[in-house]
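Below: the structure, in structure tokens.
The values are calculated or read from the model by the stated rules, or taken from the named source; none is laboratory data. Just so it is clear, the model here is predicted, and its values are computed rather than measured. All Cβ positions, even for glycine, are placed from backbone atoms using ideal geometry, and neighbour counts span all protein chains on display. We work out accessible area using only protein heavy atoms, side chains counted, and drop any ligands, DNA or RNA first. Shrake-Rupley method; radii C 1.70, N 1.55, O 1.52, S 1.80 Å.
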Amino acid sequence: MNRGCAIGCILLLIAGLAGADSISSTIMCDGASWVSSSVIGQGQTYAAHLFTTSIASIIRELQVNDGKVEAVTVADSSGPMGIDEYSGQEANQTPKKSGCVFEISENRTRIEDEIRYTGLMKSGLYTSSRDLTSSETSATTMVNGTGLILARASSQDQSNETFYTSDVAGRLNMTERIVFRDDE
């Protein structure tokens, strides 16, 4: 638990130095906790709901700045833990103009990205990082414990469709990184 407290204090200090909308919380409990957070912006959505019982720690950091959403969650519980985390982004992509005033504008391409993790753990550690920017939707998720985790991800545009699922049950140790529309 001391490690979790130190990480929480560091996150709170970093959040205080940032010039954006920021929410940071550190919870240590020997009982039950229910937490949720959400951001609904211009074409961007992030929502997370967690519950823990028994001895648990939850560290959350949420920053919103100039159309960029960043979320970090670390939950560690010696008892049951429920997880529901969603991030999605929808945008219209318009080709760059050539500079000619008389050019007819082309149709817009609709882009839609979604990443969702849900689960029920008997005990364990759940860590995730989510980034929503104008150029990408990304998630890094690490889970270590006993339980059930369901991952769903999809990305669609005019020429491409990508779908991803993973279901893991029992004693598990998983790490996943999903990036949609990375310009690099």
Point to revise | Residue among Gly99, Gly119 that alone is in contact with a strand residue (DSSP E or B) (Cβ under 9 Å, 6 or more places away or on another chain) and either surrounded by 17 or more Cβ atoms within 10 Å (Cβ to Cβ) or at pLDDT below 70 (or both) | key: Gly119
Review point. Out of (1) free of Cβ contacts under 8 Å to residues at least 12 places away in the same chain; (2) within 14 Å of Asp84 (Cβ to Cβ), the odd one out for Ile40 is which?
Key: (2)
Point to revise | Filter result (over 28 Å from Asp66 (Cα atoms) and either in contact with a Leu (Cβ under 8 Å, 6 or more places away or on another chain) or free of Cβ contacts under 8 Å to residues at least 24 places away in the same chain (or both)) within segment 132-150 | key: Val143, Asn144, Gly145, Thr146, Gly147, Leu148, Ile149
Practice item. Could you please find all residues in segment 149-170 being open to solvent by 50 Å² or more (accessible area, probe 1.4 Å) and either touching a helix residue (DSSP H, G or I) at 6+ places or on another chain (Cβ under 7 Å) or in a strand (DSSP E or B) (or both)? Key: Leu150, Arg152, Gln156, Glu161, Thr162, Phe163, Tyr164, Thr165, Asp167, Ala169
Exercise for review: For Thr73, indicate whether it is assigned to a strand (DSSP E or B), open to solvent by 20 Å² or more (accessible area, probe 1.4 Å) and either touching a residue at least 24 places away in the same chain (Cβ under 8 Å) or under 19 Å from Thr146 (Cβ atoms) (or both).
Suggested key: no
Review point. Can you tell me which of Ile7, Ile83 is more than 14 Å from the chain's Cα centre (by Cα) and either at pLDDT 95 or above or in a helix (DSSP H, G or I) (or both)?
Key: Ile7
Point to revise | Among residues of segment 125-148, those that are open to solvent by 10 Å² or more (accessible area, probe 1.4 Å) and of a type outside the set (S, T, N, Q), counted | key: 7
Exercise for review: Just give me the residues in segment 171-184 being among the basic types (Lys, Arg) and assigned to a loop (DSSP other than H, G, I, E, B), in sequence order.
Suggested key: Arg181
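Conditions tested, residue by residue: (1) at pLDDT 85 or above; (2) hydrophobic (A, V, I, L, M, F, W, C); (3) open to solvent by less than 70 Å² (accessible area, probe 1.4 Å).
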position	(1), (2), (3)
Arg3	no, no, no
Gly19	no, no, no
Ser24	yes, no, yes
Ile27	yes, yes, yes
Asp30	yes, no, no
Tyr46	yes, no, yes
Thr52	yes, no, yes
Val64	yes, yes, yes
Lys68	yes, no, no
Check your understanding: Consider Asn173 against the criteria (1) open to solvent by less than 80 Å² (accessible area, probe 1.4 Å); (2) over 15 Å from Ile115 (Cβ atoms); (3) touching a Gly at 6+ places or on another chain (Cβ under 9 Å): it satisfies all of them except one. Which criterion is unmet?
Key -> (1)
**Study point:** Single residue of segment 124-148 satisfying the filter (among the β-branched types (Val, Ile, Thr) and assigned to a strand (DSSP E or B)) that is farthest from Asp167 (Cα to Cα)
**Key:** Thr137
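Take Ile178 and decide whether it is modelled with pLDDT of 90 or more and crowded, with 16+ Cβ neighbours inside 10 Å.
yes
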